[in-house]
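For reference, the structure discussed in these notes is given below.
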Amino acid sequence: MTPPLAAVPDLDNELDALYDLPLEAFTKARNDLATRLRKAHQSEASAAVRALKKPSSVAWAANRLARDDPKLVSALLEAGERLRDVQQRAIEGKASGDDFGDAASAERDAIRALLASARKRLGAKATPALLDRLSQTLRAAAVDDAGRALLRRGRLTEELKATGFGPLEAVKPSKRRGDEVARAARERVTALRAEARRLTSEARDAERAAGDAARAAEILREEAEQKRAEAERVSSELAEAEEALRTRR
């Protein structure tokens, strides 16, 4: 009887390596790992690995940021934790609207820095639509316990969506502080609208730049084809002239 393969020594590291792969390599690598675990008689771990979902393109982009820019992700998670704390203290009457505004601003700055990094690292893959969904996923992960843990490890598989105002929905404010919470909510809505307008404007600029680049590339291709045709014509004439010269000799 063939003895089982040695147990996978560090499954956690194996999973980190799995989520670090290019998106198109995930499924095969996941199945290979599950097979190795099964052959090593680690059936439960094998089944758990085979059940892992391939990350969406947005989740993969967030995971890449967690690996390539861990300091920026840590800054976002810290800002998200601060925002949750300020929201809770505001409900309890222990924080002001200014406190909330500062915390929300820190969160926006952290997300803005991560989106800038994503544009640089992903290149043409960083479409306006992907960046918008990535922004939502980052914002949701920053204030959700499960999302925070997955983002920190770079193991998100799905996009996340921030609903309402996160922790503000978890508790009911007292009537005495209802006006303060409402004001904080309005301030965040105003800030998010401003950010949406800014991102939309940047998206339009990027799309225009891409269109200009495509048109310039087409012009250069046509010019190159013309030059190539001229070069071939001259080469043909040169060959004929050389043959005529040899004949005269």
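Does Ala62 qualify as being surrounded by 14 or more Cβ atoms within 10 Å (Cβ to Cβ) and in contact with a Leu (Cβ under 8 Å, 6 or more places away or on another chain)? So Ala62 passes the test. Restricting the stretch 84-106 to residues that are outside any loop (DSSP other than H, G, I, E, B) and at pLDDT below 75, the residue that is surrounded by the fewest Cβ atoms within 10 Å (Cβ to Cβ) is Asp98. Selection of the stretch 130-147 for residues being part of a helix (DSSP H, G or I), at pLDDT below 90 and open to solvent by 20 Å² or more (accessible area, probe 1.4 Å) yields Val143, Asp145, Ala146.
Residues that are at pLDDT below 75 and either more than 25 Å from Arg112 (Cα to Cα) or more than 26 Å from the chain's Cα centre (by Cα) (or both) do not occur anywhere in the stretch 197-207. Out of Leu37, Leu72, report the one residue that is more than 23 Å from Arg148 (Cβ to Cβ) and touching a residue at least 24 places away in the same chain (Cβ under 8 Å). Exactly one residue qualifies, and that residue is Leu37. State whether the residues of the stretch 108-119 include one that is open to solvent by 60 Å² or more (accessible area, probe 1.4 Å) and over 23 Å from Glu207 (Cα atoms). Yes.
Yes or no: Arg153 open to solvent by 30 Å² or more (accessible area, probe 1.4 Å) and touching a Phe, Trp or Tyr at 6+ places or on another chain (Cβ under 9 Å)? In short, yes.
The values are calculated or read from the model by the stated rules, or taken from the named source; none is laboratory data. Everything quoted here is computed from the prediction, not taken from an experiment. Don't worry about glycine lacking a Cβ; one is built from the backbone with ideal geometry, like all the others, and counts go over all protein chains shown. With ligands, DNA and RNA removed, areas are computed over all heavy atoms of the protein, side chains included. Shrake-Rupley method; radii C 1.70, N 1.55, O 1.52, S 1.80 Å.
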